Amino acid sequence: MAHPEGPRARREQRRGPVVRRYGQMQAGTTDQHLLDTRGAADWVHEDPFRVMRIQSEFVEGFGALAELPPAISVFGSARTPRDSPEYEAGIAIGRGLVESGFAVITGGGPGAMEAANKGATEAGGISVGLGIELPFEQGLNQYVNLGVDFRYFFVRKTMFVKYASGFVVLPGGLGTLDELFEALTLVQTKKVTRFPIVLFGSAYWGGLVDWFRDTLIAGGKAGPNDLHLFHVTDDVEEAVRLVTKEAGA
């Protein structure tokens with residue numbers, strides 16, 4: 001099955017603020033070049049410049065987001081179809097967060113992210129998209145009214161946590177799981193405080209919760225209280241209420 005972003009990806013490549021099309025496209029991504037240890041050692045001499053580029057991404061992100069009102073980050077799959085109940089839930093959650101006095105932050109892509117941005121924009125709120133350079137990057141969805149593109153995942157993930165007061169996590173894939181577990185780790189280790197995490201969709205997340213309880217905690221790899229680091233719900237209003245009540249507007 002072709003990736004939904006495939007046709008456009010063959011014509012356009014985004015690297016931070018730089019857009020390359022057709023014959024100007026380059027192989028690989030910035031993260032890939034940073035982490036790749038194969039080949040010649042010339043990259044050793046480039047790392048100081050990478051540090052400057054990383055620093056500039058932090059500066060751009062801080063500058064763009066510093067004056068945001070209280071915000072909630074909404075995560076979910078880029079593959080969520082527009083005609084699905086999950087997409088409709090994302091719209092309703094985005095709208096509900098704005099009506100509760102919060103800005104909405106997503107990864108800026110399609111699917112569940114687009115849905116939350118759409119709900120926020122249609123409710124007249126601040127709809128933030130934090131994009132990332134990927135081989136199949138589509139660009140920020142049309143419902144983002146404040147967007148920042150990043151080269152490095154770790155800079156982007158810092159922005160998700162620093163400028164959000166909580167997370168709502170819709171069904172998603174590896175990227176969504178990465179963001180979820182990062183948040184859980186930060187709360188568990190008290191790197192962040194008063195940071196509610198709401199998992200939307202009990203049928204989707206139920207197996208993970210069972211594994212937490214029956215394997216992770218039962219095996220002594222986590223404590224019973226870690227089950228209280230998050231909430232699970234199938235109700236949009238409850239999801240909005242839980243994440244905004246704990247976060248505080």
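The values are calculated or read from the model by the stated rules, or taken from the named source; none is laboratory data. If you're wondering where the values come from, they're calculated on a predicted model, not measured in any experiment. Ideal geometry is used to build each Cβ from the backbone, glycine not excepted, and the neighbour counts take in all protein chains shown. Heavy atoms of the whole protein, side chains included, go into the accessibility calculation; ligands, DNA and RNA do not. Shrake-Rupley method; radii C 1.70, N 1.55, O 1.52, S 1.80 Å.
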From the coordinates shown, Cα Rg over 2.2 N^0.38 Å corresponds to which of (i) 0.95; (ii) 1.04; (iii) 1.13: (ii)
Overall form of segment 96-224 per C-alpha gyration tensor (a/c, 1.5; a/b vs b/c): prolate
Rounded, prolate or oblate (a/c below 1.5 giving rounded, otherwise prolate when a/b exceeds b/c) for segment 55-95 by Cα gyration tensor: oblate
Net dipole in debye of segment 11-144 [+1 Lys, Arg Cβ; -1 Asp, Glu Cβ; about Cα centre; nearest 20]: 300
Simple spin-label estimate for Phe49 and Asp235 in nanometres, 7 Å along Cα-Cβ: 5.7
Rounded tilt (10° steps) of 47-65 against the dominant C-alpha axis of the chain: 50
In degrees, nearest ten, helix 85-99 long axis to first principal axis of the chain (Cα): 80
Unit charges at the beta carbon, dipole of segment 158-215: most positive-side option, Trp211, Leu186, Leu170: Leu186
Residue among Asp36, Asp234, Asp226 with the largest mean-square fluctuation in a Gaussian network model of the chain, springs linking Cα atoms under 10 Å: Asp36
Label point distance in nm, Arg15-Thr189, each placed 7 Å from Cα along Cα→Cβ: 3.1
Within the accessible area of the chain (1.4 Å probe), percent carbon and sulfur: 55
Cα-based helix-to-principal-axis angle, 153-162 vs the chain, degrees rounded to 10: 40
Full-extension gain in nm, Glu182 to Asp83, via 0.36 nm per residue minus C-alpha separation: 32.7 nm
Where the chain is the region considered: accessible area per residue in Å², 1.4 Å probe: 52
